[in-house]
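Quick notes on the structure that follows.
Computed from the coordinates by the stated procedures, all read-outs in this text should not be read as laboratory data. The structure displayed is predicted, hence computed values, not measured ones. Quick reminder, even Gly has a Cβ in these numbers, built from the backbone with ideal geometry, and neighbours come from all protein chains shown.
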Amino acid sequence: MDSQNDQSPQQGSAHAPAQPVPTHTLGLTSAFTDPLWRISVCLSPVEIDLLRTEPLRRLHFVAHGGASTISTLQSYSRLEHSLGVLSLVAHFHPEDELLRIAALLHDIGHLPLSHTFEGVSGLDHHAIGLELLRAEPIQSVLEKHRVRTGAVVAALGGQPASPLTGRTGLLSLDHLDSYVRSGRAAGRLATDPAVMLDRLDLKDSAVSTDPETAAALVDLACAEARLHTSWDNVGPVSVVRRLARQLLDSSPLTPAQLARMTDPQLWSAFDSCDVTRAESAMVRYELHRLQVTAQPAPGAGPGWDFALRKIYSSAPLVEGRRIEVAAPELAAELAALGSLPTDFRVRWS
């Protein structure tokens, strides 16, 4: 028998249906494998239904790194991060349905370009996310699977504290995924995430680990803070925030409508507006012309002022103890982030 004509579907027959890859985001095979942590998650029916809703699908078109995606390779999406957090929760608490749902939904309120527009016209992604939980289609999906919306809201609000939201100053699973995923994108991840995962535990709703891994996580947290205060982030974020305000002032677009745009829709809106079109092109194609000065003197020449809203510096527990007690030298590294500049002057050269 001619072996070339005796192929089963599994051997690649031209007539075999194409199968989804393990990292697909729709639950077509009731499974998802996170490519960073290499955790395989058996998706529940409610998780599959949620992944097919517009609020979750939209996150596939929102950059986790915000406007810094223009200047760096931080191009992965909010959906990738959300699935990463779900994978971590499923790893540590596989039977906790409520916590898994909260992990999947925790970022649905994010604005286009993620944190870039936080505070513009009072926009707050946390408040928007809670509104979306109580609206269609999310509410119907939760009701279908007999999940109380109020319970999900409480889980997202950290009542009681959970590994998803963590406690003040302590590393949560949300920030753990952000630090490690950003570190991979920036080429500064020295430890295999799957190896790192074996060294992690949860204690009192916070990530706990050994001293060596704690040092690696602190390095990632510090690198992330330096990225946020760098030209690569401050420059494009400050420009795009200005463009958003100008767009809202000169078009019929409302803040609520802007909040639900995807990144491509936002750029299209900038390009369609006479007031924002030119600078929108400049920030994408002539970004090298931006000049950023840290901690400028009062009245420091042409340009505009920009202030960072927040620098993240959450720390893991070290063998179950606060980092200040177990590893004071690492605590000092995080404390030093307080000296990073948060006020800037930006201008086009």
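Listed values, structure above:
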item: Point-charge dipole on Cβ atoms (K/R +1, D/E -1) for segment 232-286, about Cα centre, debye to 20; result: 160 debye
item: Dipole of segment 232-286, positive direction: furthest Cα of VAL239, THR254, ALA281, with charges on the beta-carbon; result: THR254
item: Under 12 Å, Cβ to Cβ, from VAL237 - net charge with Lys/Arg +1 and Asp/Glu -1; result: +1
item: Taking all pairs of distinct alpha-carbon atoms in segment 170-295, Kirkwood radius in angstrom; result: 17.4 Å
item: Normalised per residue, the volume of the convex hull around the Cα set of segment 6-115 (Å³); result: 135 Å³
item: Inter-probe distance in nm under a simple model that places probes 7 Å from Cα toward Cβ, at GLU131 and ARG148; result: 2.5 nm
item: Candidates GLN265, GLN295, GLN19: whichever shows maximal mean-square fluctuation once the chain is modelled as a Gaussian network with Cα springs under 10 Å; result: GLN19
item: Cα-based convex hull, the chain, per residue volume (Å³, whole number); result: 180 Å³
item: Where Rh is the Kirkwood radius over Cα pairs, Rg/Rh for segment 232-286; result: 0.94
item: HN-Hα J in Hz across segment 329-341 - Karplus 6.51, -1.76, 1.60, θ = phi - 60°, x for Gly and Pro; result: 5, 6, 4, 5, 4, 5, 5, 5, 5, x, 8, 5, x
item: Computed FRET value (nearest 0.05) for LEU248 with GLU324, which takes r as the C-beta separation and R₀ as 51 Å; result: 0.70
item: Net charge contributed by nearby residues that have their C-beta within less than 14 Å of PRO296 (K/R +1, D/E -1); result: 0
item: Computed magnitude of the charge dipole of the chain (debye, nearest 20; Cβ of K, R +1, Cβ of D, E -1); result: 840 debye
item: Set of segment 80-124 residues, backbone N closer than 19 Å to the point 7 Å along the Cα-Cβ line of ALA31; result: 83-84, 86-92, 94-95
item: Extension gain (nm, one decimal) between SER121 and ALA190, 0.36 nm per residue minus Cα-Cα; result: 20.8 nm
